[in-house]
1. If amide H atoms are built 1.01 Å from N in the plane of the peptide, which residues on other chains or at least 5 residues away come under 5 Å of the amide H of residue 3?
2. Along the charge dipole of the chain, pointing to its positive end and built from +1/-1 on Cβ of Lys, Arg, Asp and Glu, which listed residue (59, 25, 83) has its Cα farthest out?
3. What net charge do the residues around residue 87 carry, taking every other residue with its C-beta under 11 Å from that of residue 87, with Lys and Arg at +1 and Asp and Glu at -1?
4. Angle, helix 82-94 long axis vs. longest principal axis of the chain, Cα atoms, 0 to 90°, nearest 10?
5. Please get the size of the charge dipole for the chain, origin at its Cα centre, with Cβ charges of +1 on Lys and Arg and -1 on Asp and Glu, quoted in debye to the nearest 20.
6. Could you work out [θ]222 nm for the chain from helices alone, using -39500 (n - 2.57) per DSSP H run of at least four and dividing by all its residues? Round to the nearest 500 deg cm²/dmol.
7. Estimate the FRET efficiency between residue 20 and residue 73 by the formula 1/(1 + (r/R0)^6), using the beta-carbon distance for r and 22 Å for R0, to the nearest 0.05.
8. Just check segment 12-98 against the gyration tensor rule for me: Cα atoms, a ≥ b ≥ c as the square roots of the eigenvalues, rounded for a/c under 1.5, and otherwise prolate or oblate depending on whether a/b exceeds b/c.
Amino acid sequence: MARAVSVGNHNDVQIRDTLLLDHEQRRTPRGPVTGLRGTAVEFALPAGTHLRHDDCLVLDDGSAVDIVARPESLLEIRAGDLANLARAAWLLGDHHIPVEIHARYLRVLWTDSAEGMLRPLDVTMRRIEAPFEPEGGAYDHHANEHRPEAAGA
């Protein structure tokens, strides 16, 4: 079984497979996984490593695998104005629910409790299937290091 030893650069390696991972698997990569082409991979990454869609993992043989975010059941939240959207974001954050923030909408993993909590607010909600890339949060110091805007691009 190949071991994933570091997050690499797509330009420097030969991609041999693709790992389709949900948010939790990317947030805390551990255990064995199997790529879409059948490559068995075990994570041997430094503690605290968080993976993002489009990352590349270097394997112990020098080849690599792509990381693709698996679509998940999400709740997309929209509001008629930004104040109501901010209220929804605050409520979710106050309950420590990971949130993906966009200019005009929010996304969270769908649960009955999240939907019920937001129902009294002046927002519209719809269930969708999409990859989930939430904000890192106050204690996640490495969450944005792969984002182009974090590097000043």
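1. 42, 60, 61
2. 83
3. Details: positive: none; negative: 81, 94, 122.
Net of charged neighbours comes to -3.
4. With rounding to tens, the tilt is 60 degrees.
5. Here the size comes out at about 240 debye.
6. On the way: 3 runs with 25 residues, N = 153.
Roughly -4500 deg cm²/dmol at 222 nm, from the helical runs in the chain.
7. 0.90
8. prolate
Where a number appears in this text, it was derived from the coordinates with a stated rule and is not lab data. Predicted model only: the values in this text are computed from it and were never measured. Here Cβ is always computed from backbone atoms with ideal geometry, including for glycine, and neighbour counts include all displayed protein chains.
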